[in-house]
Amino acid sequence: MRRTTLAAVALVCGITCVGGLASAGTAHAAPEPAPTTSAPAAPGAPGSPAGEAGEDQAATPAPLEEVRKKIEKLYHRASVATDAYNAAEEKAKRQSKKVDRLGRAIAAGEDRLELLRHQAGATAREQYRGGGIPEGAQFLLTDDPRLFLDHANRLQRGQHAAKGLMAQLRTTQEKLEQDRAAASAEWKKLEQHRKSRAKAKKEIKKQIKAAEELESRLAAEERERLRKLEREAQRKAQSVWLDSGILDAISGKASAAGRKALEYAADQIGKPYAWGAEGPDSYDCSGLTSQAWAAAGVAIPRTSQEQWRQLERVPIREMRPGDLIIYHDDASHVGMYVGDGTIVHAPRPGRDITLAGAGTMTILGVVRPDA
């Protein structure tokens, strides 16, 4: 019931239920969103609220703040590796389909070649039985002119058929050789993609393990303080973004498809992040956005980097609910704009899909799936 209510409210103009995120004076990130890499400073552009961060560090023991930044960096590396894994996975899927198609073509070609060889063999046997002269050509030895005339056309057609048979045999053999060579090349590519996927998977696990081990060394009280530091950093980043006045310029309305995508994404709130996941029980950041738009009938790339590369870009001031905000210089994270300065996203391992301030991370740009 909670998710259904959120989905319905999310479609109301601007998602007014999370208006607190849009108020510069009282802006707070949603419960436990992703750690911020840096904070946007200018309207629609990334920056860093260095002054405020400095004041906070004066009141917070430096070592714990360093731990927070280290953990943030490790999870960012895991996010980059996740994008690499997803890209390799998509390429492997496409390559596997190509290999399958070529395999079917080779099987059909081999069947065709076998049939043609059988027909060619039958023709050769007929010539052998006739002493090297096909049975249909025996009439050439007769003195009966009527027999000659009756069978002359039949012989001509037979000759054309034999030539056609040999031509088909050669063409089929050539095509089969080409398909086999292509299948071999595609198989090598498939193996390369599988190796890339395995390498990325290893890197993901390495970075997540390092982050978890680092956090596990903290006492319970320190871990709670660490979470507070994360939320405070996000709150400050969001405040700086909103103080720029950017929200005053954003007034776009969601398209019909955008509303459907938002409804799907809102229904997933509370489900866990899992790298490489596309639902229905868990998602990574681009798994959530790609599946949300798929539910709206719009196919978009699987990874945040490809979403940034392939989808139409729009100025931040022109973005509307349903658009995708791409984060960090390497386009390693993505969230869906809900309205009122808020996004819905799958933050990182150990966190659930949630609402968060759109300015809590460094914005690279905005793309529109249904442009």
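The values are calculated or read from the model by the stated rules, or taken from the named source; none is laboratory data. Remember, predicted model here, so these are calculated numbers, not experimental data. In this analysis, Cβ positions are derived from the backbone assuming ideal geometry, glycine residues included, and neighbour counts consider all displayed protein chains.
Residue by residue, here is whether (1) modelled with pLDDT under 50; (2) buried (at least 20 other Cβ atoms within 10 Å of the Cβ); (3) of a type in the set (F, W, Y) holds:
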position: H28; (1), (2), (3): yes, no, no
position: P31; (1), (2), (3): yes, no, no
position: T37; (1), (2), (3): yes, yes, no
position: G47; (1), (2), (3): yes, no, no
position: A58; (1), (2), (3): yes, no, no
position: E65; (1), (2), (3): no, no, no
position: T82; (1), (2), (3): no, yes, no
position: K91; (1), (2), (3): no, no, no
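Could you list, in sequence order, all residues of the range 306-324 that are in contact with a helix residue (DSSP H, G or I) (Cβ under 8 Å, 6 or more places away or on another chain) and modelled with pLDDT of 95 or more?
Correct list: Q307, R320, P321, G322, D323, L324.
Any residue at all in the range 296-311 that is free of Cβ contacts under 8 Å to residues at least 60 places away in the same chain and under 22 Å from A249 (Cα atoms)?
The answer is no; no qualifying residue exists.
Could you list, ordered by first residue, the pairs with Cβ atoms under 7 Å in which the first is in the range 337-352 and over 16 Å from G365 (Cα atoms) and the second is assigned to a strand (DSSP E or B) and among the hydroxyl-bearing types (S, T, Y), at least 6 apart or interchain?
A346/Y273; A346/Y283; P347/Y273; P347/T354; R348/Y273; P349/Y273; R351/Y273; D352/Y273
All but one of (1) outside any helix (DSSP H, G or I); (2) within 24 Å of S79 (Cα to Cα); (3) not aromatic (F, W, Y) hold for R231; which doesn't?
Of (1) outside any helix (DSSP H, G or I); (2) within 24 Å of S79 (Cα to Cα); (3) not aromatic (F, W, Y), only one is false for R231: (1).
For G297, are the conditions met, namely being surrounded by fewer than 21 Cβ atoms within 10 Å (Cβ to Cβ) and more than 21 Å from K69 (Cα to Cα)? Even if it seems obvious, please write down each step before you answer.
Values: surrounded by fewer than 21 Cβ atoms within 10 Å (Cβ to Cβ): yes; more than 21 Å from K69 (Cα to Cα): yes.
Against the criterion (surrounded by fewer than 21 Cβ atoms within 10 Å (Cβ to Cβ) and more than 21 Å from K69 (Cα to Cα)), G297 qualifies.
Only one of these conditions is not met by T303: (1) out of contact with any strand residue (DSSP E or B) (no Cβ under 7 Å at 6 or more places or on another chain); (2) buried (at least 24 other Cβ atoms within 10 Å of the Cβ); (3) modelled with pLDDT of 95 or more; (4) under 26 Å from A88 (Cβ atoms). Which number is it?
(3)
Considering each residue of the range 312-347, count those that are among the small types (G, A, S) and farther than 18 Å from A254 by Cβ, and give that number.
Within the range 312-347, residues that are among the small types (G, A, S) and farther than 18 Å from A254 by Cβ number 3.
Mind checking whether some residue in the range 290-299 is closer than 30 Å to P63 by Cα and modelled with pLDDT of 95 or more?
Looking for residues that are closer than 30 Å to P63 by Cα and modelled with pLDDT of 95 or more, one finds none in the range 290-299, hence no.
Identify the residue in the range 237-288 that is hydroxyl-bearing (S, T, Y) and buried (at least 18 other Cβ atoms within 10 Å of the Cβ) and, among all such residues, is nearest to the chain's Cα centre (by Cα). First the steps, then the outcome.
Our first condition is that a residue be hydroxyl-bearing (S, T, Y); within the range 237-288, this holds for 239, 244, 251, 255, 264, 273, 282-283, 286.
So of that shortlist, the ones also buried (at least 18 other Cβ atoms within 10 Å of the Cβ) come out as 239, 244, 255, 264, 273, 282-283, 286.
On the way: S239: 32, S244: 33, S255: 22, Y264: 17, Y273: 16, S282: 15, Y283: 12, S286: 7 Å.
Once the filter is applied, the top-ranked residue is S286.
Quick check on S244: is it among the hydroxyl-bearing types (S, T, Y) and touching a residue at least 24 places away in the same chain (Cβ under 8 Å)?
yes
Which of the residues belonging to the range 182-220 are part of a loop (DSSP other than H, G, I, E, B) and surrounded by 14 or more Cβ atoms within 10 Å (Cβ to Cβ)?
Once the filter is applied, which keeps residues that are part of a loop (DSSP other than H, G, I, E, B) and surrounded by 14 or more Cβ atoms within 10 Å (Cβ to Cβ), the range 182-220 yields only L218.
Report the residue count in the range 325-336 for those that are farther than 15 Å from I269 by Cβ and crowded, with 22+ Cβ neighbours inside 10 Å.
Total meeting the criteria: 6.
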